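Here the structure comes first, spelled out in structure tokens, and everything after it is commentary.
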Amino acid sequence: MKLDSATRTDLIKRLARKRLAQQGAPDVVFDDFLASTEAVMMGTPEGMIVGCAESFVALTAQGLTEQDAFQRIEQDRVQFAVGGTLPRPLTLATYLRYRLNLEPHVGLPISGAYLDEAAGEALRTVRAAFGLQSAPDEPHEAGGRTRRPLTSRSTTHMTRHDLGRRLAALAALGFLATAGLHSTGYDAVTRLAADVPSDLGPVMPALWLMFSIDLVIIGLIVAIVAYRPAPAARIMLVVAALSPLAAAGLQLRFIGFVPPTAILLAVGAVTLGAAAVLPQESREPAT
């Protein structure tokens, strides 16, 4: 989801006109601004405001919470700039003030009242351009946050996002619990290995522990996916599910169905369920 060039530049110009008028700048300053290219405009405070609003709306429309959306924007920003501590409460207006404090700009100081107004207008314009426009009489909170009912599409998307994360967290617990349960058989395997009259004896306990360690590592990876889903989260979950499902398949082939087989199948099924439910996230560069 991206604004077209005309909509983006028109919004930047409207916001810039308001700021320059509030600061008492002469008309020639705004005329010079109008003569700038879009690339130059994106380097102005209004360009940052519009870019942040565009990224924020696009990310929340994908199913991210407001907090996660700001974290994603900040994560992309600090790849090329100095980071800082995000403000609390975290709204578009407070985030913009935080950005302006970190990234000095040329010109007169920008007032908090202007940031509140600009954040609200930017959000309304971007949402309208993305087909998420609020009702005309809908109240808007200071700081650019809008009290609006979610559409059925965004509600479904948000529900899938939350459910997918919960299932991934449950799967991570399943991996870790299975690893712990599997490790309890280490002593029995060690005693059996002592009776094996070949070089395979010492290998058996090592393989037994290796499988437990693999489950722990995969469980931690799934836990990271649950905590902060990435664009490749669904693929990662599918690959993670292959481990318990493959182990269950080997048990069925060589041993037959035993209680641990059911546990492995359950962990694999929950992991696949998380992959199926979690919405696909397209990673767009944040401003």
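The values are calculated or read from the model by the stated rules, or taken from the named source; none is laboratory data. Keep in mind the model is a prediction, meaning the values are calculated, not measured. Neighbour counts are summed over all protein chains in view; Cβ atoms, including those assigned to glycine, are modelled from backbone coordinates with ideal geometry. SASA here: full protein model, heavy atoms, side chains in, ligands and nucleic acids out. Shrake-Rupley method; radii C 1.70, N 1.55, O 1.52, S 1.80 Å.
Here are a few things to note about the model shown:
- Exposed-site-free run, longest, the chain (rule: chymotrypsin sites (Phe, Trp or Tyr not before Pro); DSSP loop; at most 14 other C-beta within 10 Å): 81-256
- Ordered by 1.4 Å accessible area with all protein chains kept, D187, D68 run largest first as D187, D68.
- To the nearest 10, the accessible area of I235 is 120 Å² with a 1.4 Å probe.
- Per-residue surface analysis assigns V29 an accessible area of about 60 Å², computed on protein heavy atoms at 1.4 Å probe radius.
- FRET efficiency for the T184 to Q67 pair, using the beta carbon distance and R₀ = 30 Å, is estimated at 0.15.
- Using alpha-carbon coordinates, inclination of helix 66-77 to the longest axis of the chain, degrees: 80
- Per-atom-type breakdown for the chain gives carbon and sulfur 65% of the accessible area (1.4 Å probe, protein chains only).
- Taking the Cα centre of the chain as origin and assigning +1 to Lys and Arg Cβ atoms and -1 to Asp and Glu Cβ atoms, the resulting dipole is close to 440 debye.
- If the convex hull is drawn through the Cα atoms of the chain, its volume per residue in Å³: 165
- Folded to 0 to 90 degrees: helix 259-277 orientation relative to the chain principal axis, Cα: 20
- Exposed loop sites are taken as trypsin sites (Lys or Arg not before Pro) in a DSSP loop (any state but H, G, I, E or B) with at most 12 other beta carbon atoms within 10 Å; the longest stretch of the chain without one runs 1-146.
- Each of A168, P87, V28 was placed along the dipole of the chain (beta-carbon charges, centred on the mean Cα), and the one lying farthest toward the positive end is A168.
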